[in-house]
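Derivation of every value follows stated rules applied to the coordinates shown; laboratory data play no part. Remember, predicted model here, so these are calculated numbers, not experimental data. Neighbour counts run over all protein chains shown; Cβ positions are idealised from the backbone, glycine included.
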Amino acid sequence: MSDLLLKVSGLNKSFFGVPVLRDVGLELHRGAVLGLVGENGSGKSTTMNILGGVLAKDSGRVELDGEEVAPTNSRDALALGIAFIHQELSLFPNLSVEENIFLDHFPRKFARLPFVDRRTLRDRAQKAIELVDLRVSPVTPVMRLPQGERQLVEIAKALSRQARLIIFDEPTTSLTARETERLFTIIGRLRAQGISIIYISHILGDVLRLCDEIAVLRDGQVVGAGPRDDFTIERLVTLMVGRTIDRLFPERNPVSGPQRTALSVRGVSQPGIVKDISFDLSLGEVLGVSGLMGSGRSELARILFGLDPYSEGEIRVQDAKLPPLAPRAAMDRGMAFLTEDRRGEGLMMEASISDNIVLPSLVEQSSGFLRWLNPSELTKAARDVAERIRVNAKAVDRTAVRTLSGGNQQKVVIAKWLLRAPSIFILDEPTRGIDVGAKYEVYKIINEMVGAGAAVLFISSEIEELIGMADRIMVMGRGEVRGFFSRGSFDRETLMGAALWE
Amino acid sequence: MRKDALSRLDSRTLVLIALRLAPLMLFAILCVAFGLLSDRFISLANFRNILTQSTHVAVMAIGMTFVLLVRGVDLSIGSAMYLVAVTLGLYLPDLPLLVSIPAIILIGVIFGAVNASFITGLRIASFIVTLATLFIGRGFALYLSETRMVFQSDTVQTLGRSSFVGLPWAIWIAASVAAVAWVTLTQTPFGRQIYAVGADPDAAAKAGIRVQAIVFSVFCICGACAAVGALISVSQVGGASATFGYQEEFPVIAAAVLGGTSLFGGRGGVIGSIFGAVLVQTTSNGLVMLNANPYLYPLVNSLIIFVAAWVDGRRRIMTERLEQRKIRVEA
């Protein structure tokens, strides 16, 4: 028995005649971690969906332990020992931990009868969650678990099916730093047990740290593969985008001289959410907001935009007090808010690009006493702004947002606010889950806005991008402001330290 | 700050508990109100009466619970009821119950399977499919009965009149349906998978569950329950007029939702639905006791449905908020 677990060769796949995979080949050894990187739309997900039985291949060969396999659904794949942990977890919040783990293979009380053996279920679930260091009772509803622990439940589920190969698709996007560490420890342990892992991530540092082998995909082809030591972040980026990106962040000329204050926050508190937040944001300034997940960053953004209540303090926009819980009033004063949940809150996925873009401006775009809308003018307005920020789509009025890549979807969300020409733009994780090239474009858009005199509040989990983009950084922790840092004194360690400081 | 967070969560949990208990409170209020307004309402005989009258709604609400759990709805159960009653009266009158009961359950299952094939095969929304079969089913049954009253055999009528160990057969039948349904939902893999499909059909498919098969079977179960409901009801009434089972879907859905089964899927259960059925029947019974204008009944019923749906909606919003806005402290 060779220790080669998975061998993929000559894999091809087209959608509607458009090839998305061309002659993809991968190899994975037992107990090894393969990092798979590539821009959105490069074919990573398609390849994994074929392995996981979600999609059927057009041609090519997938061998598992030397035998050709072709799972046609996730059930088949699981039976073969391939577990696919999707970015959006396949857990059911209304069921308990044990039920989630054994949902498709409940232990039964009498061999042939369909009755769940609760005692065996509990024992086995207990063992499964101990393997992943999850210290909760197996009867806890998943609803009560934080995101990181839900991921562990998902891993326990894979282990309970005797998975030989576990595919992780962007597992850390919704994890806190600590949860990520715990995940990595567990991945290390799985590897030691001889389980093979495919790890997909945009966070290249993690990939370099975690993986034994790395494969880079671009435009449906493997453009680079080899042991980790062959790669550096720069080389990965070059391979992914197919050209050398000499800078990760575009240049911006800082606006000189004192600027008018756009947004002034004084002592804003909401019990259990944020405490005594005060800061000023000037026109022409990018204020970065850093902090761990759960530090109150996104919650603060929602309060500022009037989506959530606050009990004390004051928010002033250009010297006028902003009424609480009134997003419309905030918009009328020139505020815009890009949500961190692009799919859930930022977009109507089935609607067209232009419908999405004009949505917040329908009142402004209407005319006359009856507030008529002129569809062709709306489309034109949408097209203009979409072109300005280079949304990559042919027909903005006919293309559903659902069909766009993550980066392009994010541009649509940005475009819908740009149409209102906001003077204060709150961006909550604007580059989450989008690839390197698209990130660069988003940064450029931000710089253009700031150059035109807008104020930007830039919330991000990635310290590097705040260091690259912000004029000042406000660090938050446990709902409080931990400190301000200005451009000269940015330093990864100091910023992390401030966020973690108790 | 932690303490604040706790008390804040607590107040929300309290609201959730209050929402959960809302139907119970409604029940108490109705009982007190009817009791004050009519001296005949509060009596053992009347409660026994309410219980017996609510059995067919309870049985069908149990079937509806299965469907609602997977985010579906079955509007055609009233027509299924009528079709079953007509077939039983016209074609199976002389058979012993041990044969005719399985036969009509089979008819109910077939009716449900027709719904299910359109829903799972052609992926049409259950609301639309069952709205169509509501008319088709009743139309077909009216064709069979030529719109005449269909009287039931003595065997069936005896079932409606007689008791076993002091309780009417209707209650025994409903109790056994409830027991089987409860075991199915809570103690079998199938039952737990129903909850999973209701919570997130896409995730369920990814988790290797045969989603379409489960959706198919819940509609069959709902059809079977409609058949049993028809049997109970027709045995009590003695015959099926052209309006038998007409608009019966409303009290049934109301009963399930009042019992805590969510219209958004994934939450609910058998016991709640039985309680909901009793609550709905209590209202009708109370109105009769008060000699209320019969034209008021639909108004009161729709009010109850409204309350049920409102409570369901509020609860969903609250649960989502509880999930979403929890500050996570890194320890």
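Results, tabulated for the structure shown:
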item	result
For q = 0.07, 0.14 Å⁻¹, Debye-computed log10 I/I(0) when each Cα of chain B counts as one equal scatterer	-0.30, -1.12
Principal-axis tilt of helix B:249-258 within chain B, Cα atoms, nearest 10 degrees	30 degrees
GNM top mover of B:Tyr195, B:Tyr82, B:Tyr295 - chain B, alpha-carbon springs below 10 Å	B:Tyr295
Calculated FRET efficiency for the pair B:Trp310/A:Asp58, C-beta based, R₀ 60 Å, to 0.05	0.70
Range of Cα positions in segment B:32-175 per principal axis (Å), largest first	53, 39, 28
Cα-centred dipole magnitude for chain B, charges only on beta-carbon of K, R (+1) and D, E (-1), debye, nearest 20	1120 debye
Spin-label pair A:Lys127/A:Asp229, simplified geometry with 7 Å Cα→Cβ offset, distance in nm	3.9 nm
Förster-model FRET efficiency, 45 Å R0, A:Arg118 and A:Gln259, C-beta, rounded to 0.05	0.10
Per-residue average of Cβ from other chains inside 10 Å of A:467-480	1
Cα-based equivalent ellipsoid, segment A:269-390: semi-axes from gyration tensor eigenvalues, Å	31, 18, 14
J(HN,Hα) series, segment B:135-144, from Karplus relation 6.51 cos²θ - 1.76 cosθ + 1.60, nearest Hz, glycine and proline x	6, 4, x, 5, x, 4, 5, 5, 5, 5
Kirkwood hydrodynamic radius of segment B:170-303, from inverse mean 1/r over distinct Cα pairs, in Å	16.6 Å
Total formal charge among the other residues, if their Cβ is under 14 angstrom from that of A:Glu63, Lys/Arg +1 and Asp/Glu -1	0
Exposed trypsin sites (Lys or Arg not before Pro) absent - longest run of chain A, DSSP non-H/G/I/E/B, at most 14 other C-beta within 10 Å	A:1-111
Sorted by Cβ density within 10 Å, fewest first, the residues B:Asp154, A:Asp212	B:Asp154, A:Asp212
Value of relative contact order over segment A:1-108, rounded to a whole percent, pairs C-alpha under 8 Å and six or more apart	25 percent
Average Cα contact separation per residue, chain B, under 8 Å, 6 or more apart, as relative contact order %	33 percent
Helix B:270-289 axis, angle to chain B major axis (alpha carbon atoms, nearest 10°)	60 degrees
Nonlocal amide H pairs with A:Gly38, under 5 Å, H built at 1.01 Å	A:Leu217
Prolate/oblate/rounded call for segment A:56-207, Cα gyration tensor, a/c under 1.5 rounded	oblate
Debye equation applied to the C-alpha atoms of segment A:341-420, log10 I(q)/I(0) at 0.13 Å⁻¹	-0.34
5 angstrom amide H check on B:Val73, placed H, neighbours 5+ away	B:Ser126, B:Phe127
Computed P(r) (all Cα pairs; the protein assembly as shown; 10 Å bins; percent)	2, 11, 18, 21, 19, 15, 9, 4, 1, 0
Student exercise, segment A:146-198 dipole from Lys, Arg, Asp, Glu Cβ charges, in Debye to nearest 20	260 debye
For B:Ser241, residues with placed amide H under 5 Å, excluding near neighbours	B:Val150
For residues of B:172-179, the mean tally of beta carbons on other chains within 10 Å	0
Packing-based exposure ordering (other Cβ within 10 Å, fewest first) of A:Met48, A:Met335	A:Met48, A:Met335
B:Leu106-A:Lys394 pseudo-label distance in nm [points 7 Å out on the Cα-to-Cβ vector]	5.6 nm
Note, ³J(HN,Hα) from phi for segment B:106-123, Karplus 6.51, -1.76, 1.60, rounded to Hz, x at Gly and Pro	4, 4, x, 5, 5, 4, x, 5, 5, 3, 5, 5, 5, 5, 8, x, 9, 6
Net charge of neighbours whose Cβ lies under 13 Å from the Cβ of A:Phe279, counting Lys and Arg as +1 and Asp and Glu as -1	-1
Number of partner chain Cβ atoms within 10 Å, mean per residue of A:175-184	1
Cα convex hull volume per residue for segment B:133-218 (Å³)	144 Å³
Length-normalised contact order of segment A:4-241 in % [C-alpha pairs under 8 Å, at least 6 apart]	28 percent
Contour excess over end-to-end distance, with Cα ends at A:Gln318 and A:His105 and 0.36 nm allotted per residue	70.7 nm
Theoretical FRET efficiency, 1/(1+(r/R0)^6), r = Cβ-Cβ of A:Met496 and B:Ala18, R0 35 Å, to 0.05	0.20
Overall form of segment A:408-479 per C-alpha gyration tensor (a/c, 1.5; a/b vs b/c)	oblate
Alpha-carbon centroid distance for the pair segment A:149-216 / segment B:232-292, whole angstrom	51 Å
